[in-house]
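The values are calculated or read from the model by the stated rules, or taken from the named source; none is laboratory data. Computed from a predicted model, the values in this text were never measured in an experiment. Here the Cβ positions follow ideal geometry from the backbone for every residue, glycine too, while neighbour counts run over all protein chains shown. Each accessible area value is taken on the protein alone, full model and side chains, heavy atoms only, with ligands, DNA and RNA left out. Shrake-Rupley method; radii C 1.70, N 1.55, O 1.52, S 1.80 Å.
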Amino acid sequence: MTSQDAIPTSHQKALLTTQEFYLLCESGTFLECAKAELLDGEIYTMNAQHRPHVMAKMDLYDAIRDQLKVIGSTLRAVLEATVELDARNAPEPDIILTSEPYGEGAIPVSSVALIVEISDTTLKMDMGKKQAIYAQAGVAEYWVVDLEGDKLHQMWSVKEQVYCEKRELPFGAQVNSETVEQLAITLDIGSSHRV
């Protein structure tokens, strides 16, 4: 075997672990980005969030937080925290319902009851790669707020690492969580997300 034989003949991805990703974050590597996530070992950076995205996220967060208080749930709604799903996935969803909001490091997936992504320009990613990653990690329920389509995609019932139950609800409808007992909110987003 010559030194030429040892040289790869094609490009290969260098996939990161969550620990390597956290070291890069701590070093300040992503300070210029609004947000960075690790998905299937690859780093994804996100653009700055514009008002429609932010306001939809805040409206939904307020509704979920308020309803959790009304029903006396021990779950806590958290905005944009890193969730450690496994050794190659550390996304930063828009809203997380967790039983462990406090502590060091990322939120453990074992504490997560519901994940919400707000989608204005990221629908393909949120309904594709992220849906698959969340199902594979066993996240019980996943919502995608589709700002362009004026609807919410609700997914639950994970079997064989896939969401088996799904429905779409228009803005203005009531959403009943399938996995968080008594959690029901109105999708009061309407046209408030339009500029």
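Residues in region 1-30 that are at pLDDT 70 or above and either touching a Ser or Thr at 6+ places or on another chain (Cβ under 6 Å) or among the hydrophobic types (A, V, I, L, M, F, W, C) (or both): Ala14, Leu15, Leu16, Phe21, Leu23, Leu24, Cys25, Phe30. Within region 154-191, restricting attention to residues that are farther than 18 Å from Leu68 by Cα and of a type in the set (Ser, Thr, Tyr), which residue is most open to solvent (accessible area, probe 1.4 Å)? Among residues in region 154-191 that are farther than 18 Å from Leu68 by Cα and of a type in the set (Ser, Thr, Tyr), the one most open to solvent (accessible area, probe 1.4 Å) is Ser191. Taking first residues from region 37-53 that are of a type in the set (Val, Ile, Thr) and partners that are part of a strand (DSSP E or B) and surrounded by fewer than 17 Cβ atoms within 10 Å (Cβ to Cβ), the Cβ contacts under 9 Å between residues at least 6 apart in sequence or on separate chains come to Thr45/Lys35. Val54 falls short on exactly one of the conditions (1) part of a helix (DSSP H, G or I); (2) of a type in the set (Val, Ile, Thr); (3) crowded, with 18+ Cβ neighbours inside 10 Å, and that condition is (3).
Report yes if Val109 is over 17 Å from Gln136 (Cβ atoms), open to solvent by less than 60 Å² (accessible area, probe 1.4 Å) and within 14 Å of the chain's Cα centre (by Cα), otherwise no.
On the way: over 17 Å from Gln136 (Cβ atoms): no; open to solvent by less than 60 Å² (accessible area, probe 1.4 Å): yes; within 14 Å of the chain's Cα centre (by Cα): yes.
Spelling it out, it is not the case that Val109 is over 17 Å from Gln136 (Cβ atoms), open to solvent by less than 60 Å² (accessible area, probe 1.4 Å) and within 14 Å of the chain's Cα centre (by Cα).
For first residues located in region 14-28 and open to solvent by 60 Å² or more (accessible area, probe 1.4 Å), partners that are not in a loop (DSSP other than H, G, I, E, B) and lie 6+ apart or on another chain with Cβ distances below 7 Å form the pairs Leu15/Glu42. If the condition is being of a type in the set (Val, Ile, Thr) and touching a residue at least 40 places away in the same chain (Cβ under 8 Å), then region 54-67 contributes only Ile64.
Scanning region 116-127 for residues that are surrounded by 21 or more Cβ atoms within 10 Å (Cβ to Cβ) and in contact with a helix residue (DSSP H, G or I) (Cβ under 6 Å, 6 or more places away or on another chain) yields Glu117, Ile118, Ser119.
Condition check ((1) more than 17 Å from the chain's Cα centre (by Cα); (2) touching a residue at least 40 places away in the same chain (Cβ under 8 Å); (3) open to solvent by 50 Å² or more (accessible area, probe 1.4 Å)) across all residues:
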| residue | (1), (2), (3) |
| --- | --- |
| Lys69 | yes, no, yes |
| Ala81 | no, no, no |
| Pro91 | no, yes, no |
| Gly103 | yes, no, yes |
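For (1) free of Cβ contacts under 8 Å to residues at least 40 places away in the same chain; (2) more than 25 Å from Glu42 (Cβ to Cβ), each residue gets a yes or a no:
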{"residue": "Ile107", "(1), (2)": "yes, no"}
{"residue": "Gly128", "(1), (2)": "yes, no"}
{"residue": "Ile133", "(1), (2)": "no, no"}
{"residue": "Val145", "(1), (2)": "no, no"}
{"residue": "Val162", "(1), (2)": "yes, no"}
{"residue": "Gln174", "(1), (2)": "yes, yes"}
{"residue": "Glu178", "(1), (2)": "yes, yes"}
{"residue": "Gln182", "(1), (2)": "no, yes"}
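Looking only at residues in region 128-153 that are aliphatic (A, V, I, L, M) and within 14 Å of Leu39 (Cα to Cα), the one that is surrounded by the fewest Cβ atoms within 10 Å (Cβ to Cβ) is Ala132.
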